[in-house]
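The values are calculated or read from the model by the stated rules, or taken from the named source; none is laboratory data. The structure presented is a predicted model; accordingly, all values stated were derived computationally and were not measured. All Cβ positions, glycine included, derive from the backbone under ideal geometry; neighbour counts span all protein chains shown. Quick note on the areas: whole protein, heavy atoms, side chains included, nothing else; ligands and nucleic acids left out. Shrake-Rupley method; radii C 1.70, N 1.55, O 1.52, S 1.80 Å.
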Amino acid sequence: MDSAYRYEQDTLYCEQVALADVASREGTPCYVYSKSAILRRLRAYQEAFGSTPHAICYAVKANGNLSLLRLLAEEGAGFDIVSGGELFRVLKAGGKASSVVFSGVGKTADEIAYALDQGIYGFNCESEGELALIDTLAERRGVTARVAVRVNPDVDAATHPYISTGLREHKFGIDIAEVEAVYERARALKHLSMEGVSCHIGSQILDPAPMLEAAGRLVALAQRLREKGFDIRHLDLGGGVGVPYRPGESSPSITEFVTALCALAEGSGLRVLLEPGRSLVAEAGMLLTRVLYRKRNGKKEFVIVDASMTDLIRPALYGAYHGILPLRRAHRGVIRADVVGPVCETGDFLARGREIDNVLPGDLLAVCTAGAYGFAQASNYNARPRPVEVLIDGDNYSVIRTRESYDDLVRGE
Ligand code: LLP
């Protein structure tokens, strides 16, 4: 649990706010985020880079709430986007287009045009078709687009198969063995400035070794491209480090990871870009939920809560583990139970076979480490309004997204 969260006399606090008070006032399910926890991690990245020229481009997909984007922009972060919608969010939040890199394997012409018109920093391109399209759209506008080709370095990230991206068999990037020929052919595209190389080998990586190996391969590639006359100026190394979800799980230290990256890039004069998402916001966030019922089927014990896979899909989708804590410790002993939501799917669980406090209907629980890919992946399945989001700052909090209403559910139909 992040140090912003702690028990005081059996009551769980975030910063100076008792989470049970937030849940009572704002209702459940409810996402809460600690401002100080987010800023502490951003600063860890910034400070570790020291004098190495760099940009920390927050991966908006992890959590695109406007208030969080504004907070990060004010503290000097840039942004990594993967859609026109994410660019719209960044601009709406006051982020600068010039701080934005556009990643993703399937950018549409409309999205590329929007990004060019707004003047983003650059594109991480994933195919020759995309290079050609960006060139055409840049020519029409009389501009030059800054481009890094996303390289597939063929490094195994050893993470969940759905979020591992750096192997030849994945849809992402261009094989490192073929990429130099791609740069050569791109010389013909006069409205592209081929000045970067990029990669991203996966997310939730707990062993930094494969990330550093990929980074090393990219530095060497940048050097080879320079020898061929390309003015390579930046290196985009993709997402940040993984985070601990399970008790006892350890994750790479941001400081040590970035220091190792800087050592690899030292002397190259390359500007190093990083696109951390999860490591900035995951541990800063919790999902608050209320126990609706207890129930036993055969030998199995169920705790039915008002949050579900529509609010946090990670357990259902990736078999992910999220810690579950009571907002008030009642000292009634522990039980082993499945913590499940109201959605009509057996896959709708937040935890299975988990030892938790012996809760009663009405009790409040926190699902931990939920700040990244939580609300961002929430849905309206079963016509469930998406939850309220709250940002906690010291002894204050503000609602940064209201709970959806039934009217919100049918808007546009
Ligand atoms: N850059 C690119 C190109 C990415 O595809 C991603 C994540 C990131 C940066 C940010 O990576 P991070 O620092 O957050 O590890 N929904 C999944 C995670 C999907 C990650 C997709 N790409 C989950 O809940 O675990």
Going by the alpha-carbon gyration tensor, a ≥ b ≥ c the square roots of its eigenvalues, is segment 50-278 rounded (a/c under 1.5) or, if a/c is not under 1.5, prolate (a/b greater than b/c) versus oblate? oblate
Need the full-extension length gain, Thr259 to Leu66, defined as separation in residues times 0.36 nm minus the C-alpha distance. One decimal, nm. 66.5 nm
Distance in nm between pseudo-label sites at Lys92 and Ala188 (7 Å out along the Cβ direction from Cα): 4.1
Once you place label points 7 Å from the Cα toward the Cβ at Glu8 and Glu413, how far apart are they in nm? 4.5
Residue-normalised accessible area of the chain, expressed per residue, 1.4 Å probe, Å²: 42
Normalised by the number of residues in the chain, what is the relative contact order in percent for Cα pairs under 8 Å and 6+ residues apart? 20
By how many degrees, between 0 and 90 and to the nearest 10, does the Cα long axis of helix 109-118 differ from the longest principal axis of the chain? 80
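Over segment 50-278, what is the relative contact order in whole percent, taking alpha-carbon pairs under 8 Å and six or more residues apart?
Numbers: 457 pairs, mean separation 46.3, N = 229.
So the answer I get is 20 percent.
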If one takes the longest principal axis of the Cα atoms in the chain, at what angle in degrees, from 0 to 90 and to the nearest 10, does the Cα axis of helix 254-265 lie? 10
Can you give me the distance in nm between label points at Arg140 and Glu47, each placed 7 Å from the Cα along the Cα-to-Cβ direction? 4.8
Size of the chain along its principal axes in angstrom, Cα-based, largest extent first? 70, 47, 43
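My understanding is that a pair violates if its Cα-Cα distance is over 31 Å; which of Lys35/Lys171; Lys61/Lys300; Lys35/Lys96; Lys96/Lys190; Lys171/Lys228; Lys107/Lys190 do that in this structure? Mind showing how you got there, number by number?
Working: Lys35/Lys171 35 Å; Lys61/Lys300 36 Å; Lys35/Lys96 21 Å; Lys96/Lys190 26 Å; Lys171/Lys228 27 Å; Lys107/Lys190 20 Å.
Those over the limit are Lys35/Lys171; Lys61/Lys300.
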Using the beta-carbon distance between Glu74 and Val399 and R0 = 22 Å, what value does 1/(1 + (r/R0)^6) give for FRET efficiency, to the nearest 0.05? 0.70
Of the trypsin sites (Lys or Arg not before Pro) in segment 3-98, those whose Cβ has at most 16 other Cβ within 10 Å and which sit in DSSP loop: Lys96
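Expressed as a whole percentage, what fraction of the accessible surface of the chain belongs to carbon and sulfur atoms when a 1.4 Å probe is rolled over the protein heavy atoms?
Accessible surface attributable to carbon and sulfur in the chain totals 48 percent.
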Acute angle (nearest 10 degrees) that the helix 128-141 long axis makes with the longest principal axis of the chain, alpha-carbon atoms: 80
